[in-house]
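**Q** Take a look at the following structure, please.
The values are calculated or read from the model by the stated rules, or taken from the named source; none is laboratory data. All of these numbers come straight from a predicted model, not from anything done at the bench. Note that we place each Cβ from the backbone using ideal geometry, even for glycine, and neighbour counts take in every protein chain shown. Accessible surface is based on the protein model in full, side chains and every heavy atom, while ligands, DNA and RNA are left aside. Shrake-Rupley method; radii C 1.70, N 1.55, O 1.52, S 1.80 Å.
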Amino acid sequence: MRSVIYNAAKFSAAFLCSQSSRKSKSFISAASFHLRKMVHYLTEQRGRPNSTDYRIYLKTSDGKYISPFHDIPLYVADEQECGVPRKKLKTNEILFNMVVEVPRWSNAKMEIATKEPLNPIKQDVKKGKLRYVANIFPHKGYIWNYGALPQTWEDPSNTDKETTCCGDNDPIDVCEISSKVCVTGQVVQVKVLGILALIDEGETDWKVIAINIEDPDASSLNSIEDVRKIKPGHLEATVDWFKKYKVPDGKPENKFAFNGQFKDKDFAIEVIKSTHSFWKALVMRKKMKGDEIVCQNTSLCDSPFKCSDAEASAVVQAAAEYGEPLAVSSEVDKWHFFAK
């Protein structure tokens, strides 16, 4: 569960972005920043990796800073409207943009900072310490490329009629199951295959199962049942992972709605549409609990959340300068064993 963003005083800065609107190995280094170039977006690193001040900011290919939560279109078909060149698609499939937060096999709990200006990706911190997910045999770190769908929000004031639990106050999560290991901050186009309803500390925490359309298996995977046939054991491993990943921290096993069964593609897309609607309502609010919100959202031009390019740039320039990564504790590689 990510940090709560519903508190208006903290929530107000979270929508800062610019007026417009990885797996590349080329790096452009300078004294105060580090860039990773992607097809439509750049990532700019600030601070030192493996430290609490490390941040990854996203910007368009023409250098305008954006929020990965609010400015990247949910639907690939809508990218042209936001000034991003749209790839010609060879399918009528509904495709979604996914922001990769955690590459497969890695342990650092990276996530979109919903409470910070420009919503950079950072490593979650608990009790002053950086968070890493444990390796629970036979898994190593995250077993998919893990991330979120932009322009979605699981409303904590809404009780889901299917799960009877409220939303978890975050963008909807995605488990991307392609063979390619992505990088943090990469934006990939995915098609949805199904969804799992995790109940995390009494909140609905949907997990969308999707695949990068660039994957060789993408044309053969069109449903959750196709996943069972082509990637046998992967769905069962996914349930097992989410059930146990908090146990090494002394917490009980997680629970699921629908007895841990995956719902199909159509069901998943309806859930995504619903969270997109909640997001639209969120960014159109002029006030939150009596507090003014000053920020900007390019996809909804009449949103009250606005700022200038200069203000957005100032947010990044105020962040710590990029530096060499800090060492990671050997405890991160520890393997945990639990009876089935």
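**Q** Contact list please: Cβ distance under 8 Å, first residue in segment 317-339 and under 22 Å from Lys59 (Cβ atoms) and open to solvent by 70 Å² or more (accessible area, probe 1.4 Å), second residue in a loop (DSSP other than H, G, I, E, B) and of a type in the set (Gly, Ala, Ser), pairs at least six apart or on different chains.
**A** These pairs meet every condition: Gln317/Ser32; Glu321/Ala31; Glu321/Ser32; Glu321/Gly47.
**Q** For segment 154-176, state whether one or more residues are at pLDDT 95 or above, open to solvent by less than 20 Å² (accessible area, probe 1.4 Å) and farther than 17 Å from Ile272 by Cα.
**A** No, segment 154-176 has no match at all.
**Q** Name the residues in segment 122-139 that are open to solvent by 60 Å² or more (accessible area, probe 1.4 Å) and either in contact with a His (Cβ under 6 Å, 6 or more places away or on another chain) or aromatic (Phe, Trp, Tyr) (or both), would you?
**A** Matches in segment 122-139: Tyr132, Phe137.
**Q** Here's another thing I want to ask about it. In segment 143-182, which residues are in a strand (DSSP E or B), out of contact with any helix residue (DSSP H, G or I) (no Cβ under 7 Å at 6 or more places or on another chain) and under 22 Å from Ser223 (Cα atoms)?
**A** Answer for segment 143-182, where residues must be in a strand (DSSP E or B), out of contact with any helix residue (DSSP H, G or I) (no Cβ under 7 Å at 6 or more places or on another chain) and under 22 Å from Ser223 (Cα atoms): Asn145, Tyr146, Gly147, Ala148, Asp173, Val174, Glu176.
**Q** Given the condition more than 16 Å from the chain's Cα centre (by Cα) and outside any loop (DSSP other than H, G, I, E, B), answer yes or no: does some residue in segment 133-142 qualify?
**A** yes
**Q** Looking at Glu201, Glu225, Glu214, which one is of a type in the set (D, E, K, R) and at positive phi?
**A** One residue alone meets the criteria, Glu201.
**Q** Let me ask something additional. In segment 1-104, which strands (runs of 3 or more DSSP E) lie fully inside it and hold 2 or more residues that are modelled with pLDDT of 70 or more?
**A** Strands (runs of 3 or more DSSP E) meeting the threshold: 41-46, 55-60, 95-102.
Per-residue answers, yes or no, for (1) farther than 14 Å from Arg104 by Cα; (2) under 16 Å from the mean Cα position of the chain (by Cα):
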position	(1), (2)
Asn158	yes, no
Ser179	no, no
Gln186	no, yes
Val192	yes, yes
Glu203	yes, no
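**Q** Counting just the residues of segment 105-121 that are modelled with pLDDT of 95 or more and surrounded by fewer than 22 Cβ atoms within 10 Å (Cβ to Cβ), which one comes out nearest to the chain's Cα centre (by Cα)?
**A** Lys109
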